[in-house]
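Readers should treat all values here as calculations from the given coordinates under stated rules, not as data from a laboratory. Here the structure is a predicted model, which is why all the values come from computation and not from measurement. Cβ: placed from backbone, ideal geometry, glycine included. Neighbour counts: every protein chain shown.
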Amino acid sequence: MSHVRNFLSVYDFTKDEIYEVLLRSAVLKAERGAKNACLEGKKIGMIFEKSSTRTRVSFEVGIAELGGYPIFMSSRDLQLGRGEPIKDTARVLSRYLDGVIIRTFGQERIDTFARYFEKPVINGLTDLYHPAQILTDIFTVYEIKKGGAGVIENLKIVYFGDANNMANSWVSLQAALGFELVLAMPEGFDIDKAVRMESEKRGGKFLISNDKISAAKNADVITTDVFISMGQDEEKEKIDKLRPFIIDDDVVNNSKDGVIFLHCLPVHRGEEVTEGVFERFSQVVFEEAENRLHVQKAIMEKIF
Ligand code: CP
Ligand code: NVA
């Protein structure tokens, strides 16, 4: 059984470690191209049970830039995709690899893998959490605001839309760092019970609002995500409920001057954000996408 360091959710880092990651990400970004061989000789597996553009390429490039050797495995090509148990896959790959990044469905799948894999595991998205993305998002804010704990703790961050892995990730980050978090979502939508309990246990606080405009008031950061996540069925009824929570000019105009808009991508223009708002803020959104690389290199330095 494994007793190594994993990054399965934000809670695997202390608050101080999260700030260390932010600081280190800035250095890695500034020094991109400088020799860094911290993963020299390490073979890092990347098991993806869902599609990916950013996570796959940014981790693969990041591993290469740190001198390691990435091995990408889609579950379609692994026996895992034909029903080989995840605990057996973990015990086999443990004999070959020095670490793994996984994108999968339920959090219990990554927990099981980590239990049987004797090396470190990083979460590249589950149905529950997307921790590498959320550290990237707060790094993007930290870069723009040019400030650490004192600045971040005073922010109002508002997430609009589905109660999904990104919403959960904001909840976990709030519990870890402490800032004002509002989740603007339709009546009847709620955060996963386990995610809420974990946040409460750690003294986290967030508000769910069914009123988009009052939620937006005084926001420093506004953010959203797709209405239908990977692995979910396209339910017309769900989309219709979420539709009013689109980030549009009204949301932006009710937020603070200089508000930061974030989107983890891919975006569905006209669904969770209007084309106009998305394009107006696209420079920051694509910077956020680039930052995946720098932040994940900082995470990998700690974990692998
Ligand atoms: N944001 C994100 O994780 O993108 P991919 O699904 O393309 O990896
Ligand atoms: N909530 C989305 C995030 C994609 C990066 C999904 O899980 O599909």
GNM of the chain, Cα pairs under 10 angstrom: of 140, 55, 274, the biggest fluctuation goes to 274
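Can you put 255, 74 in order of Cβ neighbours within 10 angstrom, beginning with the fewest?
Working: 255 22, 74 17.
Lowest to highest Cβ neighbour count: 74, 255.
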Length-normalised contact order of segment 90-235 in % [C-alpha pairs under 8 Å, at least 6 apart]: 21 percent
Cα atoms only: what Rg and Dmax, in Å, come out for segment 18-158? 16.6, 50
Taking the Cβ-Cβ separation of residue 207 and residue 30 as r and a Förster radius of 41 Å, what is the calculated FRET efficiency to the nearest 0.05? 0.65
Among 14, 89, 53, which one shows the highest mean-square fluctuation when the chain is modelled as a Gaussian network with alpha-carbon springs under 10 Å? 53
Please report Rg over Rh for the chain, where both radii come from the alpha carbon positions and Rh follows the Kirkwood definition. 0.96
If you keep only loop residues by DSSP, which trypsin sites (Lys or Arg not before Pro) in segment 124-175 have at most 12 other Cβ atoms within 10 Å of their Cβ? 146
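If Lys and Arg each add +1 and Asp and Glu each add -1, what is the summed charge of the other residues whose beta carbon sits under 11 Å from the beta carbon of residue 276? Walk me through the numbers before you get to the answer.
Working: positive: 269, 280; negative: 248, 249, 275, 279.
Computed value for this residue: -2.
In what sequence do 130, 268 fall when counting other Cβ within 10 Å, fewest first? Spell out each step's value before the answer.
Values: 130 28, 268 16.
Exposure proxy ranking, most exposed first: 268, 130.
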Choose one answer from 93, 125, 293: the residue with the largest mean-square fluctuation in a GNM of the chain with alpha-carbon springs under 10 Å. 93
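Compute the relative contact order of segment 165-304 as a whole-number percentage, counting only Cα pairs closer than 8 Å that sit 6 or more residues apart in sequence. Don't skip to the answer; put the middle values down first.
Details: 165 pairs, mean separation 29.9, N = 140.
Taking the mean separation of contacting Cα pairs over the length of segment 165-304, I get 21 percent.
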Segment 61-92 residues near the modelled residue 230 label - backbone nitrogen below 15 Å, point 7 Å along Cα→Cβ: 72-78, 81
Mind listing which trypsin sites (Lys or Arg not before Pro) in segment 1-76 are in a DSSP loop and have 15 or fewer other Cβ atoms within 10 Å? 5, 32, 35, 76
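Over 18 Å between Cα atoms, which of 156/201; 29/145; 146/217; 156/217; 201/302; 145/256 qualify? Let's see the in-between values first.
Values: 156/201 22 Å; 29/145 16 Å; 146/217 23 Å; 156/217 9 Å; 201/302 25 Å; 145/256 13 Å.
Violating the 18 Å limit, Cα to Cα: 156/201; 146/217; 201/302.
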